[in-house]
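Each remark here refers to the structure printed beneath this line.
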Amino acid sequence: MNIKTMIGAAALLALAACSTSSGDDTPAPAFNAAACTQRDFVIYFDESASELTEDARRIIDLEARNIRGCHIEEVRIIGLSDQDEGNAESTRALSVRRAEVLAEYLAQRSGWPRSRFQLLATGERGAVTAEGLDVPVRNRARIIADVRAP
């Protein structure tokens, strides 16, 4: 292997390491096989929005950091949204977009394998109870990550 190839390989490794960093100066925790258990957490969005807030990014980064080194079996992302004045299509589209935004972030930022993601969207289903009451705070998505120790 010549020197140019070695330098190129080192540069690629450095770039790969940067792409999966958490973005802060806190050192990653040592691998802990006991942490390789199912994660189930909720990410909140601003009303009618699909962009991740800074708080949402911090929560996702923390969860990903805690299971770094674990094997990701499956990730289910369930997008939810409030009922939109009877517009079922826009409510469903927002649910779908929230799930997609989370999948993109997790795959790019945390390095979780996108092939193991299952995206679901509820639309307005469940936004109104059988009694006709609006269910508040559906501006969220739920992430369920099935992980195991390698």
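The values are calculated or read from the model by the stated rules, or taken from the named source; none is laboratory data. From a predicted model like this one, the values you see are computed outputs, not experimental measurements. All Cβ positions, even for glycine, are placed from backbone atoms using ideal geometry, and neighbour counts span all protein chains on display.
Quick notes
- Residue 103 out of contact with any Pro (no Cβ under 7 Å at 6 or more places or on another chain), in a helix (DSSP H, G or I) and either in contact (Cβ under 8 Å) with a residue 40 or more places away in the chain or more than 18 Å from residue 145 (Cβ to Cβ) (or both): no
- Any hit, the range 71-94, residues being farther than 13 Å from residue 145 by Cβ, at pLDDT 90 or above and in a helix (DSSP H, G or I): yes
- All of 108, 118 fail the test of being of a type in the set (S, T, N, Q) and not in a helix (DSSP H, G or I), apart from 118.
- Only one of the listed residues (97, 142, 125) is at pLDDT below 95, of a type outside the set (Phe, Trp, Tyr), out of contact with any helix residue (DSSP H, G or I) (no Cβ under 6 Å at 6 or more places or on another chain) and crowded, with 17+ Cβ neighbours inside 10 Å. That residue is 142.
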